[in-house]
Amino acid sequence: MLDIFSHFTDEQRDAFLNVYEHDPALRTREFKAGEAICRKGEYELDLCCILSGSVDLRDDTGPEEAHFVATLTAGNQFGELGAIGGLPRTVDVIAREDCEIFYVPRHALKHLEINQYAREALARRYRERAVRITAVENELFRGVPNAIIDELAPKCEILRYDLRGIPIVTQGEAGDAIYIVRDGFVQVVRDREDGTRRVLAYLRAGEYFGEMALFETGVRWASVLTAGKCELIKIGRDDFLELCRRFPHIEESARRVIERRREQERNVTPEISALLERSGQLGVIQADALLVMDLDLCINCDNCVKACEALHGRSRLIRNGIKLDHYLVPSACRHCDDPKCMNSCPTGAIKRRPEGEIYFQYDMCIGCGNCAIACPYDNIAMIDTPTFDRAQARKSRIMNAANFFRPFPAAAHDIGEPSLWTRLFGRREGSRRKPVAVTGVTGAREHTPPAFPIKCDLCDGLPFMGCVHNCPTGAAMRIDPAKLFEETGAISEGSRVRKARGGSD
């Protein structure tokens with residue numbers, strides 16, 4: 001029996017079973033000893049419960065052989081950071097012996113969290129993992145022993161926000177904590193003595209704020225607001241100052257950041273502040289792969305638009321948008337740091353590759369259109385299936401391969417496994433409902449959606465990007481948004497998105 005299910009009531013068990021019987025994404029998979037279950041950097045947004053066997057966690061931190069982190073045995077789980085936070089895998093997971101894994105996808109996690117014990121256990125595990133990973137990756141904690149981080153973790157608080165413009169701290173209030181950005185972006189805004197209000201910077205994952213109030217002013221020097229979905233680690237004032245007392249280099253690092261903040265205020269003019277504000281509102285800042293047109297090079301030939309239409313069935317590149325300096329930011333998928341489309345998909349058909357690009361796994365798509373509705377930038381379109389098929393056929397001819405014709409979805413998974421119910425909940429099947437008979441992907445229960453979603457997926461599966469490849473002057477390019485503001489330092493570099501498997505970028 002899995003501990004996370006151990007406190008379910010009969011009503012909660014029945015509710016979870018009902019979801020299991022109708023959602024093909026809840027499934028089991030078997031792995032042989034030595035087989036890779038997932039790799040570091042992959043976006044697999046499932047909570048993975050080990051039903052049998054054991055797995056090794058390994059971290060490949062450099063060119064040398066990956067080092068051992070831990071072994072997890074049957075009854076444990078992994079993948080909390082992806083399932084709850086939407087973050088990539090932080091370690092390789094390898095089957096230590098033959099094992100069986102039960103997958104609970106992110107969209108189904110709410111059916112597990114209806115139980116208070118399961119919800120608190122997941123939150124506790126998530127906090128511990130988040131703090132440990134942050135300590136390993138953040139230069140601020142360099143040299144701090146693991147034992148100290150383990151002591152600190154229960155004292156930290158994880159804060160999550162889903163909307164833009166929510167105040168986290170307000171200028172002038174007492175500073176009681178330091179905040180580390182775990183995911184997403186926050187906006188730093190300062191009201192100046194002359195009565196003006198300026199957007200000074202956007203902070204992304206790995207950066208922190210609140211240090212000035214702790215070491216110098218005593219009160220918040222600026223306000224910090226959410227710039228969309230984000231996650232923060234909050235460390236209380238006393239706990240952080242004690243950490244600085246024991247490890248003085250932390251305070252030294254924080255004071256260097258304070259100097260950089262003051263320099264940023266001097267560099268950001270009213271015009272740049274207005275541009276930063278508008279860029280945040282339109283999602284430019286939050287983009288991980290921003291398609292721009294260099295207007296000094298663009299000759300308005302429309303080759304980029306025509307290439308996109310030929311490959312997708314309809315162009316997902318609209319040559320209008322906002323102008324930043326001599327760049328035009330057209331309407332195209334930005335592979336957002338906070339992908340609303342991915343969070344809205346009921347089947348998990350929207351995926352993110354280790355390179356960061358967001359794409360559709362069409363054999364899981366049911367054509368519901370939720371993603372098109374959820375996209376705040378109107379960058380996803382639904383096109384009729386015949387048009388979609390013709391575009392896929394064109395890609396197949398280009399690559400001389402048939403892999404672009406994926407099977408249509410079918411409601412087929414392992415619900416007929418009789419012992420899974422017992423292994424999850426530790427009880428006899430008794431009231432278990434009779435599974436609905438289903439067939440494979442070629443059977444009568446196939447579902448052919450009337451329309452499919454399309455968007456800029458960096459020409460997934462092709463060795464080039466159509467728009468960039470067909471631009472005769474090199475005007476079309478993908479860049480990190482930080483490049484647009486590199487002189488001010490208002491946004492730090494850190495985009496992880498690149499074209500998978502090589503090709504033009």
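The values are calculated or read from the model by the stated rules, or taken from the named source; none is laboratory data. Computed from a predicted structure; not experimentally measured. Neighbour counts run over all protein chains shown; Cβ positions are idealised from the backbone, glycine included.
Exactly one residue among E211, E157, E231, E216 is touching a residue at least 12 places away in the same chain (Cβ under 8 Å) and either touching a Pro at 6+ places or on another chain (Cβ under 6 Å) or closer than 20 Å to D337 by Cα (or both), and that residue is E231. Inside the stretch 268-289, residues that are more than 27 Å from the chain's Cα centre (by Cα) and surrounded by 14 or more Cβ atoms within 10 Å (Cβ to Cβ) make up a count of 3. Of note, R119 satisfies the criterion of being modelled with pLDDT of 90 or more, surrounded by fewer than 20 Cβ atoms within 10 Å (Cβ to Cβ) and closer than 30 Å to K229 by Cα. Where strands (runs of 3 or more DSSP E) fall entirely within the stretch 1-94, those with at least 1 residues that are closer than 25 Å to D338 by Cα are at 36-38, 46-52.
G75 meets all of the listed conditions (1) surrounded by 19 or more Cβ atoms within 10 Å (Cβ to Cβ); (2) at positive phi but one, namely (1).
Against the definition (touching a helix residue (DSSP H, G or I) at 6+ places or on another chain (Cβ under 6 Å), modelled with pLDDT under 90 and not assigned by TED's automatic domain parsing to the domain that holds E42), how does A374 come out, yes or no? No, not satisfied.
Given the residues A201, A147, A174, which is the only one that is at pLDDT 90 or above, over 20 Å from M212 (Cβ atoms) and not polar (S, T, N, Q)?
Numbers: A201 fails: over 20 Å from M212 (Cβ atoms); A174 fails: over 20 Å from M212 (Cβ atoms).
Being at pLDDT 90 or above, over 20 Å from M212 (Cβ atoms) and not polar (S, T, N, Q) holds for just one of A201, A147, A174, which is A147.
Check whether at least one residue in the stretch 210-224 is closer than 13 Å to R160 by Cα, at pLDDT 90 or above, assigned by TED's automatic domain parsing to the domain that holds C156 and of a type outside the set (K, R), and report yes or no.
Residues of the stretch 210-224 closer than 13 Å to R160 by Cα: none.
No, the conditions are met nowhere in the stretch 210-224.
Does F240 qualify as being more than 18 Å from D338 (Cα to Cα), touching a helix residue (DSSP H, G or I) at 6+ places or on another chain (Cβ under 9 Å) and surrounded by 15 or more Cβ atoms within 10 Å (Cβ to Cβ)? Yes, satisfied. Go over the candidates R255, R266, R190 one by one and state the one that is basic (K, R) and out of contact with any helix residue (DSSP H, G or I) (no Cβ under 7 Å at 6 or more places or on another chain). None of the other options fit; the residue is R266.
Would it be correct to say that D92 is of a type in the set (D, E), in the same structural domain as L243 (by TED's automatic domain parsing), surrounded by 14 or more Cβ atoms within 10 Å (Cβ to Cβ) and more than 15 Å from A205 (Cβ to Cβ)? When the stated conditions are applied, D92 does not pass them.
Listed here are the residues, each with its yes/no results for (1) under 23 Å from T347 (Cα atoms); (2) among the hydrophobic types (A, V, I, L, M, F, W, C); (3) touching an Asp or Glu at 6+ places or on another chain (Cβ under 9 Å).
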residue: R29; (1), (2), (3): yes, no, yes
residue: E44; (1), (2), (3): yes, no, no
residue: G86; (1), (2), (3): yes, no, yes
residue: D98; (1), (2), (3): no, no, yes
